[in-house]
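> This is the structure I have questions about; it appears just below.
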Amino acid sequence: MASRTLHVSRALNVEPSTQLAHERGLLAAAARGESHLHVSTLAPAKSIALGAFHRRPESSRDVAVWARHTGGRALPTGSGFVLATLALPHRSALTSDDRLELAPEQVMNRCVRGVLRALRGAGVDVSYPGLDLITHERRAIGALAFAEIGEPTLFQAVLAAERTLADGALLLDRVDPEGVVPMAMIPPTEATSLAEVLEPRGSAEIAPDVLVRRLAAGYAETFGMQARDPDETAVEALADAQSAAEEPPSPSPASTGARAVGLLGTVEAWTTLDAGRIDRIVLAGDFLSPPDLPGRLSDALHGLPPQAAEIERSVRGFLDRDHRYLLGLRPADLIDLLQRSATVAT
C-alpha cells in the first residue's frame, strides 16, 4: 500500500502565476508517490478561474485570470474564495494502489469526501449531488474539478467563503465581453457562502488557517491518513524546484464551430478540412479530460471523410474509461457535436 501520509501546506494571497507554480510542484511531488493537500487564496480581489479547455480572452485591468490545470467550468475566485487542491499519485490513491480501481467519473465523488467531512464538522450541512457542485440546501457553495496529468491527479475545490459562485457571470463578462468563454451561470438565488450559512460565527470558521486544519482532518479521518502539520515552506520548495510556471495551452480554433450544452456547461468544436477530409478538430469549453485528449482525438479523426458514420465509428473506437475519456458530454452528444462541426466546415 502506498504511503498514507498527507502533506499539508497553505499559501495566502498569491498571484495566479504563483498558484500555477505551486500546482506544478504538487504534481511533481505526486509523481514521486506523495499526497499533498494545499489550501490557498488568490491575491487579486476579483479574478476568474478558467478551465484547462477554455479559450483565453484578453483580461480586463480590474479582473485577473487564473488559467488553471483542471478542466470544467469558469469560476469566480479571488477575495472571498478559498481553494483546496489535492495532489495524488494517481486517481484512485485515496483508496487503492490500483490506479484503475476508480472510473474517471468516480474521481470527484471520492476526492470531495474530505471536503464534505470538513465542512460538516464546521456545522455546514453540505451535499454532493454529483457532477461538479457542492450544495447547502440545494444552493451551490463550492465547485469541483480535476485533471489527470499522466498518472498524477490534481483535484480542486473552489469554496465560496464570503462571496458566492453567482459572481462568476459578472466577472467573466468583464474579462470576456466578446463571449469567447462559455459560462454555466449560477443565479444568486441558487448560490450561498460559508459566511452566510454560519452567520454570525462565520468569520472565525472560514479563516484559512482554520479551514486548512479542518480540511486536513477531513481527509485524514475519511481515508485513514496521517496528516502532517501545515508546512509553510513545503509548497514553495516544490514550486522552486520546477521551471517557471506557464499557463496550460489554450484551444485556438481558426474556423466556424458548433456548440453543445453538456452536463457541466457548453462544449464547442471546430473542424478544418484539407482536400475534403478532416485535417484538425479543436475542442473547447466545460469538460474534464486528460490534457492531451482533444489533440489525440483530433489525430484519430485526421484524414477521415467528414461523414457521420465515419466520425461515429472512429469516436466510439477511440474513447475508453482508462486513458481516453471526456466527462461533460455523453459519447452520443460528443459524436453529434463533431458531426455538426464537420458539416459547418464543408
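The values are calculated or read from the model by the stated rules, or taken from the named source; none is laboratory data. Quick caveat: nothing in here was measured; it's all calculated off a predicted structure. Glycine gets a Cβ as well: all are built from the backbone with ideal geometry, and neighbour counts include every protein chain shown.
> Please determine whether any residue of segment 180-200 is part of a strand (DSSP E or B) and out of contact with any Pro (no Cβ under 9 Å at 6 or more places or on another chain).
yes
> Need pairs with beta-carbon distance below 6 Å; first residue more than 19 Å from Ala147 (Cα to Cα) and within segment 316-343, second among the β-branched types (Val, Ile, Thr); sequence gap 6+ or separate chains.
The qualifying pairs are Ile335/Val315; Leu338/Ile311; Gln339/Ile311; Ser341/Thr271; Ala342/Thr271.
> Given the conditions (1) assigned to a helix (DSSP H, G or I); (2) within 26 Å of Leu119 (Cα to Cα), and given that Arg174 satisfies all but one, which numbered condition is not satisfied?
Arg174 satisfies all of (1) assigned to a helix (DSSP H, G or I); (2) within 26 Å of Leu119 (Cα to Cα) except (2).
> A further question on this structure: Among the residues of segment 187-213 satisfying the criterion of being closer than 30 Å to Ala269 by Cβ and out of contact with any Asp or Glu (no Cβ under 9 Å at 6 or more places or on another chain), which is surrounded by the fewest Cβ atoms within 10 Å (Cβ to Cβ)?
Pro187
> A further question on this structure: Filter segment 30-47 down to the residues that are surrounded by fewer than 22 Cβ atoms within 10 Å (Cβ to Cβ) and either among the hydrophobic types (A, V, I, L, M, F, W, C) or farther than 16 Å from Leu6 by Cα (or both) and list them by number.
Ala31, Thr41, Ala43, Pro44, Ala45, Lys46 - these are the residues of segment 30-47 that are surrounded by fewer than 22 Cβ atoms within 10 Å (Cβ to Cβ) and either among the hydrophobic types (A, V, I, L, M, F, W, C) or farther than 16 Å from Leu6 by Cα (or both).
> May I pose another question? Consider Arg91 carefully, then state whether it is charged (D, E, K, R), farther than 18 Å from Gln19 by Cβ, in contact with a Leu (Cβ under 8 Å, 6 or more places away or on another chain) and in contact (Cβ under 8 Å) with a residue 24 or more places away in the chain.
When the stated conditions are applied, Arg91 passes them.
> Going by what's in this entry, would Leu100 be described as over 16 Å from the mean Cα position of the chain (by Cα) and in a helix (DSSP H, G or I)?
yes
> Can you name the residue in segment 286-312 that is in a loop (DSSP other than H, G, I, E, B) and under 22 Å from the mean Cα position of the chain (by Cα) and is also nearest to Met185 (Cα to Cα) among such residues?
Among those that are in a loop (DSSP other than H, G, I, E, B) and under 22 Å from the mean Cα position of the chain (by Cα), it is Asp286.
> Out of Ala204, Ala220, report the one residue that is at pLDDT 80 or above and assigned to a helix (DSSP H, G or I).
Of Ala204, Ala220, the one residue that is at pLDDT 80 or above and assigned to a helix (DSSP H, G or I) is Ala220.
> Here's a follow-up. Identify all residues within segment 103-117 that are within 20 Å of the chain's Cα centre (by Cα) and assigned to a helix (DSSP H, G or I); write none if there are none.
Passing the criteria: Pro104, Glu105, Gln106, Val107, Met108, Asn109, Arg110, Cys111, Arg113, Gly114, Val115, Leu116.
> Working only within segment 126-158, note down all residues that are buried (at least 22 other Cβ atoms within 10 Å of the Cβ) and among the aromatic types (Phe, Trp, Tyr).
Phe146, Phe155, listed by residue number.
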